[in-house]
Amino acid sequence: MTGTLRMLVALSIGAATLCLAAAFLAINWWWSLALLGIGLLWLSVLRHGNNRVADLGLLAFVMAAVWGGMQGAAWGWLLTAAVTSLAGWDLTHYLAHLHAAPERQHEAALVRRHLIRLAGVVGGSWLLAGLTLAASIRINYIGALVLAGIAVILLTRSVRALRSPNAE
(Lines give C-alpha, C1' and ligand atoms only; values in the text may rest on other atoms or scores of the structure.)
Protein backbone atom coordinates (compact mmCIF):
# COMPACT_ATOMS: atom_id res chain seq x y z
CA MET A 1 0.00 0.00 0.00
CA THR A 2 2.91 2.35 0.62
CA GLY A 3 3.96 1.87 -3.00
CA THR A 4 0.60 3.25 -4.10
CA LEU A 5 0.98 6.19 -1.73
CA ARG A 6 4.48 6.89 -3.03
CA MET A 7 3.11 6.91 -6.58
CA LEU A 8 0.29 9.29 -5.57
CA VAL A 9 2.78 11.60 -3.84
CA ALA A 10 4.94 11.65 -6.96
CA LEU A 11 1.91 12.29 -9.19
CA SER A 12 0.64 15.10 -6.96
CA ILE A 13 4.00 16.84 -6.73
CA GLY A 14 4.69 16.26 -10.42
CA ALA A 15 1.30 17.69 -11.42
CA ALA A 16 1.81 20.72 -9.16
CA THR A 17 5.29 21.30 -10.56
CA LEU A 18 4.19 21.02 -14.18
CA CYS A 19 1.16 23.27 -13.63
CA LEU A 20 3.30 25.97 -12.03
CA ALA A 21 5.96 25.66 -14.72
CA ALA A 22 3.28 25.96 -17.42
CA ALA A 23 1.78 29.02 -15.75
CA PHE A 24 5.14 30.73 -15.35
CA LEU A 25 6.30 29.86 -18.86
CA ALA A 26 4.19 32.75 -20.16
CA ILE A 27 5.86 35.14 -17.69
CA ASN A 28 9.50 34.07 -17.69
CA TRP A 29 11.01 30.70 -18.55
CA TRP A 30 13.70 31.13 -15.89
CA TRP A 31 11.01 31.05 -13.24
CA SER A 32 9.64 27.89 -14.83
CA LEU A 33 13.07 26.26 -14.52
CA ALA A 34 13.39 27.38 -10.90
CA LEU A 35 9.99 25.91 -10.07
CA LEU A 36 10.92 22.67 -11.80
CA GLY A 37 13.99 22.56 -9.57
CA ILE A 38 11.89 23.11 -6.45
CA GLY A 39 9.56 20.34 -7.57
CA LEU A 40 12.48 17.96 -8.08
CA LEU A 41 13.81 18.83 -4.65
CA TRP A 42 10.39 18.12 -3.18
CA LEU A 43 10.29 14.78 -4.97
CA SER A 44 13.54 13.90 -3.20
CA VAL A 45 11.40 13.59 -0.06
CA LEU A 46 10.24 10.23 -1.34
CA ARG A 47 13.76 8.88 -1.25
CA HIS A 48 15.10 10.58 1.87
CA GLY A 49 11.96 10.95 4.00
CA ASN A 50 12.60 14.58 5.03
CA ASN A 51 9.18 16.05 5.80
CA ARG A 52 10.57 19.57 6.22
CA VAL A 53 11.17 19.64 2.49
CA ALA A 54 7.48 18.90 1.97
CA ASP A 55 6.54 21.81 4.25
CA LEU A 56 8.86 24.16 2.40
CA GLY A 57 7.69 22.82 -0.96
CA LEU A 58 4.06 23.54 -0.12
CA LEU A 59 4.93 27.02 1.10
CA ALA A 60 7.05 27.76 -1.98
CA PHE A 61 4.41 26.50 -4.40
CA VAL A 62 1.54 28.40 -2.76
CA MET A 63 3.59 31.61 -2.64
CA ALA A 64 4.63 31.08 -6.26
CA ALA A 65 0.98 30.60 -7.21
CA VAL A 66 0.01 33.83 -5.44
CA TRP A 67 2.89 35.71 -7.07
CA GLY A 68 2.02 34.22 -10.47
CA GLY A 69 -1.54 35.40 -10.03
CA MET A 70 -0.31 38.89 -9.29
CA GLN A 71 1.78 38.74 -12.48
CA GLY A 72 -1.21 37.75 -14.59
CA ALA A 73 -0.48 34.04 -15.04
CA ALA A 74 -3.38 31.73 -15.88
CA TRP A 75 -5.37 31.09 -12.71
CA GLY A 76 -6.44 27.61 -13.77
CA TRP A 77 -2.86 26.37 -13.76
CA LEU A 78 -2.08 28.17 -10.52
CA LEU A 79 -5.17 26.89 -8.74
CA THR A 80 -4.51 23.32 -9.82
CA ALA A 81 -0.88 23.66 -8.72
CA ALA A 82 -1.86 24.94 -5.27
CA VAL A 83 -4.44 22.21 -4.70
CA THR A 84 -2.21 19.38 -5.92
CA SER A 85 0.61 20.80 -3.80
CA LEU A 86 -1.64 20.47 -0.77
CA ALA A 87 -2.42 16.87 -1.73
CA GLY A 88 1.28 16.07 -2.19
CA TRP A 89 2.12 17.64 1.16
CA ASP A 90 -0.60 15.70 2.94
CA LEU A 91 0.30 12.39 1.34
CA THR A 92 3.98 12.91 2.16
CA HIS A 93 3.17 13.37 5.84
CA TYR A 94 0.67 10.51 5.82
CA LEU A 95 3.26 8.20 4.30
CA ALA A 96 5.74 9.19 7.03
CA HIS A 97 3.04 8.61 9.63
CA LEU A 98 2.42 5.11 8.28
CA HIS A 99 6.12 4.28 8.38
CA ALA A 100 6.42 5.53 11.97
CA ALA A 101 3.45 3.50 13.23
CA PRO A 102 4.59 0.43 15.17
CA GLU A 103 1.60 -1.64 14.07
CA ARG A 104 -0.24 -1.28 10.81
CA GLN A 105 -3.41 -3.28 11.27
CA HIS A 106 -6.05 -2.74 8.60
CA GLU A 107 -3.63 -0.52 6.68
CA ALA A 108 -5.50 -0.81 3.40
CA ALA A 109 -8.76 0.36 4.98
CA LEU A 110 -7.02 3.27 6.73
CA VAL A 111 -5.31 4.37 3.54
CA ARG A 112 -8.52 4.08 1.53
CA ARG A 113 -10.42 6.16 4.10
CA HIS A 114 -7.68 8.79 4.14
CA LEU A 115 -7.63 9.00 0.35
CA ILE A 116 -11.41 9.44 0.25
CA ARG A 117 -11.18 12.26 2.81
CA LEU A 118 -8.31 13.85 0.95
CA ALA A 119 -10.25 13.69 -2.30
CA GLY A 120 -13.07 15.58 -0.57
CA VAL A 121 -10.69 18.23 0.73
CA VAL A 122 -8.94 18.60 -2.63
CA GLY A 123 -12.19 18.73 -4.59
CA GLY A 124 -13.77 21.16 -2.14
CA SER A 125 -10.68 23.36 -2.10
CA TRP A 126 -10.50 23.46 -5.87
CA LEU A 127 -14.22 24.24 -6.17
CA LEU A 128 -14.25 26.94 -3.48
CA ALA A 129 -11.09 28.57 -4.79
CA GLY A 130 -12.44 28.47 -8.34
CA LEU A 131 -15.66 30.15 -7.22
CA THR A 132 -13.66 32.72 -5.31
CA LEU A 133 -11.52 33.46 -8.35
CA ALA A 134 -14.64 34.06 -10.37
CA ALA A 135 -15.31 37.05 -8.10
CA SER A 136 -13.40 40.25 -8.79
CA ILE A 137 -11.61 41.98 -5.91
CA ARG A 138 -8.53 44.16 -5.78
CA ILE A 139 -5.86 43.71 -3.13
CA ASN A 140 -2.18 44.51 -3.01
CA TYR A 141 0.66 41.97 -2.87
CA ILE A 142 0.98 42.08 0.91
CA GLY A 143 -2.75 41.47 1.30
CA ALA A 144 -2.52 38.52 -1.09
CA LEU A 145 0.40 37.05 0.87
CA VAL A 146 -1.50 37.43 4.14
CA LEU A 147 -4.60 35.80 2.66
CA ALA A 148 -2.53 32.99 1.16
CA GLY A 149 -0.82 32.41 4.51
CA ILE A 150 -4.16 32.27 6.29
CA ALA A 151 -5.50 29.89 3.66
CA VAL A 152 -2.49 27.58 4.00
CA ILE A 153 -2.81 27.54 7.78
CA LEU A 154 -6.55 26.84 7.66
CA LEU A 155 -6.23 24.16 4.98
CA THR A 156 -3.39 22.37 6.75
CA ARG A 157 -5.31 22.45 10.04
CA SER A 158 -8.40 21.05 8.33
CA VAL A 159 -6.35 18.25 6.79
CA ARG A 160 -4.71 17.51 10.14
CA ALA A 161 -8.15 17.48 11.77
CA LEU A 162 -9.26 14.93 9.20
CA ARG A 163 -6.22 12.80 10.02
CA SER A 164 -6.76 12.92 13.78
CA PRO A 165 -7.88 9.72 15.53
CA ASN A 166 -11.13 11.41 16.61
CA ALA A 167 -12.16 11.91 12.97
CA GLU A 168 -12.36 8.17 12.40
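A compact table of results
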read-out	value
Hits in the stretch 1-43 (condition: more than 25 Å from His99 (Cα to Cα), surrounded by 18 or more Cβ atoms within 10 Å (Cβ to Cβ) and hydrophobic (A, V, I, L, M, F, W, C))	Leu18, Cys19, Leu20, Ala21, Ala22, Ala23, Phe24, Trp31, Leu35
Test: residue in the stretch 72-79 that is within 13 Å of the chain's Cα centre (by Cα), touching a residue at least 60 places away in the same chain (Cβ under 8 Å), within 21 Å of Gly124 (Cβ to Cβ) and part of a helix (DSSP H, G or I)	no
Top-ranked residue in the stretch 95-145 [being farther than 17 Å from Arg157 by Cα and among the hydroxyl-bearing types (Ser, Thr, Tyr); ranked as modelled with the lowest pLDDT]	Ser136
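Per-residue answers, yes or no, for (1) farther than 30 Å from Arg138 by Cα; (2) in contact (Cβ under 8 Å) with a residue 40 or more places away in the chain; (3) under 11 Å from the mean Cα position of the chain (by Cα):
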position: Gly14; (1), (2), (3): yes, no, yes
position: Leu41; (1), (2), (3): yes, no, no
position: Ala87; (1), (2), (3): no, yes, yes
position: Thr92; (1), (2), (3): yes, yes, yes
position: Ala119; (1), (2), (3): yes, no, no
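The values are calculated or read from the model by the stated rules, or taken from the named source; none is laboratory data. Note that the structure is predicted; figures quoted are calculated from it, not measured. Don't worry about glycine lacking a Cβ; one is built from the backbone with ideal geometry, like all the others, and counts go over all protein chains shown.
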